[in-house]
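Working notes, beginning with the structure itself.
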Amino acid sequence: MISGIPIDILFITSVLLIWFMLMYQFILAFSGYLYSREAHRERRRLDAHPGPLPPLSILIPAHNEEIVIERTLKSLLASDYPRDKLEIIVMDDGSTDGTAAILDHFTREHKIVRTVHIPPGEGGRGKAAVLNRALTLARHELIAVYDADNQPEPGALRYLAAQFMLNPDLGGALGKFRTVNRFKNSLTRFINIEGLSFQWIVQAGRWKLLKVATLPGTNFIVRKAVLSEVGGWDEEALTEDAELSLRILEAGYRIKFVPYAVTWEQEPENLSTWFRQRTRWARGNFYLMRKFMASIGGAKNKALALEVFYFLCLYYVFVAAILTSAWLFVLGLFGLIFIPVPGPYLEVWLMAYLLFVTEIVLMLSQELGEDSFSNILYTIAMYFTYCQLWPLVVANAFYLEYIKGAERTWTKTKRFKQN
C-alpha cells in the first residue's frame, strides 16, 4: 500500500478544484436564471414594438448535406424577416451527393437564395475557409451564419438583428440551439440536457455577470466591419466559432446571448460520431490556448477576453481534477493506496453531486417540458454515464495533439435522416 504527502496533496487539490468549479458553475447558474427573467421581458418589448430591421446576409456552408439542407432552407424562407432585406448565400463545398441539385432548385425558385458551387478540387478546406469565401460575396453589413442542419424558428433572425439596432456597440449576437432529435435515444437525450445546461449556465450566466458570451457554430449574427477588423475566420482553427469570439472580445466588442432566438439542430445519434465531434472540439480548444496564451494580456477588453480564456483553461483543469480523484478513489478502494487525510469526504462528494443535479434541473425548468420526470432521471444518471466520457475525449485529443502530432483537419459531423 502506498501513502505519502504527494498523494495527500493530489487528493486535497482535486477536491478543492472540483468544488471551486461547482461553486463557480452555481454562481453562473443563478445568474443565468436571473437573466432568463430579463430576456423574457425583453422579448415581450420587441414583440410589442418591433422597430425597423437592417439588411442581412445569411451564410450557409454545405458539404454533402442532401439529408438536411432542404429543411434548413425551408425554415429560413419561412422566417418573418422582411424578404427585401434578406439574401441567403449557400456555399456548396465540393459536394458529391445530391446537395447541388437541391440548391439549384431553391436558387431557381427563390430570388433571395444564391448558390456558389466550389469544385471538389478547390474545396474541402474546412468551414472557416468556406465562410471567408462567402464573406467576400455578402452585400450587407450584418452577417448571419447557419449550419446546414439547422431549422431556425420564424422569429430567430428578427430577434438577433434587433440587438444591433438596440446596441450600436455590439459586435455579435447569438441565439439558442435546441436538439431536434432529442428523443431518438439515450445519447441524444443526454446531449439535449448538456446543451441546455451549457447555454443557460455558461452563456446566460456570463452575459448577466460580465456581458460576455461566445459564438456557437450556428444561429448568430456578427457585423461585417468587425469581421474585417479582426481578419475573418481562422482557417487553422477546428473550433472556428470560439476562436473568432476571442478575437472579437480582444478587439473590445461585446457578444450578447439572446435565448429567445431559437434554432433546432441535429445532434450525433451514435457514440462514434459524438466522440469524433467532441474530440475535434477539444483539439480546437487546445489550439486556442496556445494561440491566445501570449496575446491575451494585450486585449483591449481584458476582463471579458480573460474570462472566456479562463473558462477554457479551467475546463481542462476540472477534467484533470475529476480524473485524479477518480483514480485515487479506485486505487484506495482496492487497497493500493492509503489517504490518511481526515474529513467527511463521502458527505462532500454527495453534496457536490446533489449540487450538480440541482443546477441542471433548475436550468431545464427554463424550457417548457424539459424538466420532465424522465429528464430528471437522465440528469441523475448523467454524472455516472455521459459525463465520464468527457475525460476520455480530452485524453484522446491530448494524445492526437501533443503526442501523435496528428494533422488538424476540419471534418463535418455525420448527418442522420429525420422522420
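Data table
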| item | result |
| --- | --- |
| Residue-span extension gain [Leu389 to Asn419] - 0.36 nm each, minus C-alpha spacing | 8.0 nm |
| Rough spin-label spacing in nm, given labels placed 7 Å along Cα→Cβ, for Ile27 and Ser228 | 4.0 nm |
| Bins of 20 Å, starting at 0 and running to the largest distance - Cα pair percent for the chain | 25, 58, 16, 2 |
| Most mobile listed residue (Leu86, Leu46, Leu362) in the chain, GNM with C-alpha springs under 10 Å | Leu46 |
| For the chain, share of DSSP beta bridges that run antiparallel, in % to the nearest 5 | 25 percent |
| Per-residue [θ]222 nm for the chain (sum of -39500 (n - 2.57) over DSSP H runs n ≥ 4, rounded to 500) | -17000 deg cm²/dmol |
| Förster radius 35 Å - calculated FRET efficiency between Ile112 and Arg44, Cβ distance, rounded to 0.05 | 0.75 |
| The chain - percent relative contact order, Cα under 8 Å, separation 6 or more | 23 percent |
| Highest-fluctuation residue, Gly98, Gly123, Gly205 considered, GNM on the chain with Cα pairs under 10 Å | Gly98 |
| Carbon/sulfur fraction of accessible area - region 51-203, other protein chains in place, 1.4 Å, % | 54 percent |
| Candidates Lys176, Lys404, Lys224, ranked by Gaussian network fluctuation over the chain, Cα under 10 Å, top entry | Lys404 |
| Lys256 long-range amide H proximity, modeled H, under 5 Å | Gly172, Ala173, Leu174 |
| Kyte-Doolittle mean at least -0.5 and Cα axial length at least 24 Å: DSSP H helices in the chain | 5-48, 302-333, 345-364 |
| Asn185 paired with Lys211, simple spin-label distance in nm, labels 7 Å along Cα-to-beta-carbon | 4.6 nm |
| Those residues of region 125-142 whose amide nitrogen sits under 12 Å from the label point placed on Glu235, 7 Å along Cα→Cβ | 125-134 |
| Probe 1.4 Å, protein heavy atoms only - accessible area per residue of the chain in square angstrom | 45 Å² |
| For region 31-85 versus region 197-272, the gap between their alpha-carbon centres in whole angstrom | 15 Å |
| Inter-label distance, nm, simple model (7 Å from Cα along the C-beta direction), Glu141/Glu347 | 6.1 nm |
| Overall form of region 27-152 per C-alpha gyration tensor (a/c, 1.5; a/b vs b/c) | prolate |
| Evaluated over region 190-302, the Cα radius of gyration and Dmax, each in Å | 14.8, 42 |
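The values are calculated or read from the model by the stated rules, or taken from the named source; none is laboratory data. Since the structure is predicted, the reported quantities are computational estimates derived from the model, not experimental observations. All Cβ positions, even for glycine, are placed from backbone atoms using ideal geometry, and neighbour counts span all protein chains on display. Each accessible area value is taken on the protein alone, full model and side chains, heavy atoms only, with ligands, DNA and RNA left out. Shrake-Rupley method; radii C 1.70, N 1.55, O 1.52, S 1.80 Å.
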